[in-house]
Ligand code: CTP
């Protein structure tokens with residue numbers, strides 16, 4: 001059992017998702033972990049400490065000044081003797097306290113005193129999650145080395161509310177905990193890999209830009225999958241609404257030229273995986289002020305100029321990574337077009353996908369923005385057709401293929 005004999009402290013904060021923490025306790029115990037539980041005062045409004053205690057098989061810790069425990073500084077002890085601390089659900093409030101080092105209740109004091117790894121599973125209303133204050137706190141915590149799982153997109157408990165803010169499912173949290181605690185050598189340990197993801201925005205004026213439908217889902221999933229195999233991953237992401245993947249160093253950019261600079265700055269690398277849907281063209285000039293409608297003058301003409309090709313710049317670089325993987329977004333002649341890109345861009349592999357909105361792949365609207373993908377892997381050796389699957393599964397398989405290729409590709 002992967003979590004066998006692992007000591008886990010579960011901190012439950014106050015949110016509707018607290019009921020899922022009970023299932024999480026069960027799942028962790030099923031896998032052989034010993035689980036201790038601390039709950040905030042608000043958490044106890046959602047689930048009874050007795051339920052959590054019964055499932056965990058022990059006392060639930062709730063008070064900073066517990067007469068029985070505090071004579072030997074119990075909260076410090078609770079913070080120690082753990083292999084991992086999981087905060088699930090993590091509320092905006094508890095994340096804010098963690099980010100600022102507040103310690104005015106047992107949960108926050110334990111988290112401040114902890115020296116072990118911490119895995120946070122946020123759960124809150126989408127407006128609270130996307131609020132700059134919460135995003136700032138999440139970024140601070142990531143910089144401090146805290147790992148995140150979720151939040152996921154989907155329906156919220158509040159009727160009619162949807163967006164990103166749902167707590168990751170208990171099994172996803174378990175998988176993240178297993179990955180964090182897995183000390184076995186991994187196939188990509190010691191490798192540094194660049195991933196580009198998402199669209200680019202090319203400004204027309206201060207308020208308008210040219211963009212495309214890329215969501216960043218496939219690129220972010222690949223970055224996460226490579227990190228899970230032990231790689232040091234540098235992700236250069238265009239503007240997306242999904243969270244930065246856990247365990248990945250993410251640089252946020254807007255334009256193709258910024259993406260090129262950030263990608264070149266990541267060299268030297270063992271591999272580069274260019275998933276971003278880079279805008280091929282940008283407006284030749286960016287107006288300093290918002291372009292106004294002028295009576296009688298009609299629409300302004302937009303004159304475009306070509307953007308640098310980032311994949312080609314890396315693929316033909318003097319300091320080229322050993323393995324260069326490109327994507328090909330096609331709507332016609334997918335294999336022939338993809339194969340032409342292999343040579344032109346100096347790539348070892350091209351992952352070709354059909355991005356026609358009516359391809360029937362990826363759900364309504366097609367692969368771009370959808371959750372699923374069907375890809376063909378093109379290389380000098382020919383074409384390998386993969387069946388349609390979730391983008392996470394495409395990512396997992398591609399990361400495995402990259403690991404195998406890095407083993408065999410000679411310098
Ligand atoms: N790419 C890039 N920089 C660009 C354009 C594309 O790095 N300026 C990369 C993409 O990240 C992808 C690959 O090149 O890995 C192919 O992208 P795609 O849009 O399919 O090809 P294009 O070069 O744009 O060719 P076309 O639009 O003519 O199909």
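Quick note: the coordinates plus some simple rules give every number you see, no bench work behind them. None of these values were measured; they are calculated from a predicted model. Neighbour counts run over all protein chains shown; Cβ positions are idealised from the backbone, glycine included.
Miscellaneous remarks
- Take the Cβ atoms of residue 379 and residue 130, set R0 to 41 Å, and the FRET efficiency comes out at 0.55.
- Against the chain, whose longest principal axis is taken from its Cα atoms, helix 391-408 shows a tilt of about 80°.
- Given their separation in residues at 0.36 nm each and the Cα-Cα distance between them, residue 41 and residue 153 gain 37.6 nm when the chain is fully extended.
- Degrees, to the nearest 10: 217-228 long Cα axis against longest axis of the chain: 60
- With coordinates expressed along the principal axes, the C-alpha atoms belonging to the range 243-321 extend over 57, 31, 19 Å, beginning with the largest.
- Of all DSSP bridge pairs formed entirely within the range 192-408, close to 40 percent run antiparallel.
- Label-reachable residues, the range 214-244, where backbone N falls under 16 Å from a point 7 Å from residue 261's Cα toward its Cβ: 236-239
- Förster radius 60 Å - calculated FRET efficiency between residue 77 and residue 286, Cβ distance, rounded to 0.05: 0.55
- Taking the range 192-408 and dividing mean pair separation by its residue count, relative contact order in percent (alpha carbons under 8 Å, at least six apart): 20
- Remark: spin-label model distance residue 184-residue 4 equals 1.2 nm, labels positioned 7 Å along the Cα→Cβ axis.
- Contact order relative to length of the range 23-169, as percent, for alpha carbon pairs under 8 angstrom and 6 or more apart: 19
- Equivalent ellipsoid semi-axes, the range 287-411, via Cα gyration tensor eigenvalues times 5, rooted, Å: 34, 22, 13
- Principal-axis tilt of helix 132-143 within the chain, Cα atoms, nearest 10 degrees: 80
- Calculated from the alpha-carbon coordinates, the range 163-281 shows an Rg and a Dmax of 15.6, 51 Å respectively.
- The chain pair-distance distribution - Cα-Cα, 20 Å bins, rounded %: 25, 50, 23, 3, 0
- The sum of -39500 (n - 2.57) across all DSSP H runs of n ≥ 4, divided by the residue count of the chain, sets its helix-only mean residue ellipticity at 222 nm to -9500 deg cm²/dmol.
- Relative contact order (percent, whole number), the chain, Cα cutoff 8 Å, 6+ residue spacing: 11
- Antiparallel %, DSSP beta bridges [both residues in the chain], to 5: 30
- Counting only the Cα atoms, the range 7-181 fills a convex hull of 101 Å³ per residue.
- Once the Cβ-Cβ distance of residue 390 and residue 213 is raised to the sixth power relative to R0 = 25 Å, the FRET efficiency obtained is 0.85.
- When DSSP beta bridges are restricted to pairs lying wholly in the range 7-181, around 15% turn out antiparallel.
- Once the gyration tensor of the Cα atoms in the range 192-408 is diagonalised, the equivalent ellipsoid follows with semi-axes of 30, 20, 17 Å, ordered largest first.
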